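Read the figures in this text as sums done on the coordinates, not as results from a lab. If you're wondering where the values come from, they're calculated on a predicted model, not measured in any experiment. Here the Cβ is made from the backbone with ideal geometry for all residues, glycine too, and neighbour counts use every protein chain on show.
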Amino acid sequence: MQNLLLDFALRRRFVDFLFHTISERSFFFLDKMLQSSHEHIDIVYMADDYCSQQAPLFSPQDFGRFVMPYLTRIVDKVHRYNKKFLLHVCGAVRPLLPQIIDAGVDMLEPIQTRADGMDPAELKKDFGRHICFYGGVDLQQTLCRGSVPTVVDEVKRLIDVLGKDGGYILGPGHTYIQIDAPLENILAMYETAFSYRPYQLCTV
């Protein structure tokens, strides 16, 4: 990663070539997967971390040059198969969200609420009409070190804020629940999510 970030600044044509080469192979195998297992797939998931807890690891301008072309193309391909696209980016991703939305991403995971700019209410207000949020239950403090009532309160708060008018899937603020999370807190998260229904469920 350190070498790649140096390449962003010093060998930009090489980064263009590298990303093109990698993405061509990714598109090939994605096509194979969707063609062979089309009826068994609802969502295509890609983990593509490029943020710290304070900010993205590179500028929005570099995101637009290096990442947007392949991200847009891979989302378009997924949508052509009538599937949804789920993008995993930990950390302070807010400065990149307008471009991620423009690329057509349907869902963003894991919503690390302790990262800079990742306040749930602000995310919902600014982007909630355009993308589905997935995650949010804090793993750095709440789920691993908090009490059961603290977990319950956090789950209800996230449902109230991010779940208002739909567009939210509750889950931990990282793809994987960490080993130091007490079982009672994990159960409290899922049991509260199941039982707390402040909004009318939609039926089709």
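Figures for the structure shown
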| quantity | calculated |
| --- | --- |
| Residue count for the range 134-184, restricted to those that are charged (D, E, K, R) and closer than 15 Å to Arg114 by Cα | 4 |
| Odd one out for His79 among (1) more than 25 Å from Ile177 (Cβ to Cβ); (2) not in a helix (DSSP H, G or I) | (2) |
| Filtered residue count, the range 25-62, keeping only those that are surrounded by fewer than 11 Cβ atoms within 10 Å (Cβ to Cβ), assigned to a helix (DSSP H, G or I) and of a type outside the set (Gly, Ala, Ser) | 8 |
| Enumeration of residues in the range 159-180 that are hydroxyl-bearing (Ser, Thr, Tyr) and assigned to a loop (DSSP other than H, G, I, E, B) | Thr175, Tyr176 |
| The listed residue being part of a helix (DSSP H, G or I), of a type in the set (S, T, N, Q) and under 26 Å from Gln35 (Cα atoms), out of Thr72, Thr150 | Thr72 |
| Test set (1) in a loop (DSSP other than H, G, I, E, B); (2) over 18 Å from Leu96 (Cβ atoms); (3) in contact with a helix residue (DSSP H, G or I) (Cβ under 9 Å, 6 or more places away or on another chain) - Met118 fails condition number | (2) |
| Any hit, the range 127-141, residues being of a type in the set (S, T, N, Q), under 23 Å from Ser52 (Cβ atoms) and more than 19 Å from the chain's Cα centre (by Cα) | yes |
| For Arg11: the one exception among (1) over 26 Å from Thr113 (Cα atoms); (2) among the basic types (Lys, Arg); (3) in contact (Cβ under 8 Å) with a residue 12 or more places away in the chain | (3) |
| Sole residue being among the acidic types (Asp, Glu), within 30 Å of Leu139 (Cα to Cα) and over 13 Å from the mean Cα position of the chain (by Cα), chosen from Asp42, Asp31, Asp106 | Asp42 |
| Flag if Arg65 is on the phi < 0 side of the Ramachandran plot and surrounded by 15 or more Cβ atoms within 10 Å (Cβ to Cβ) | yes |
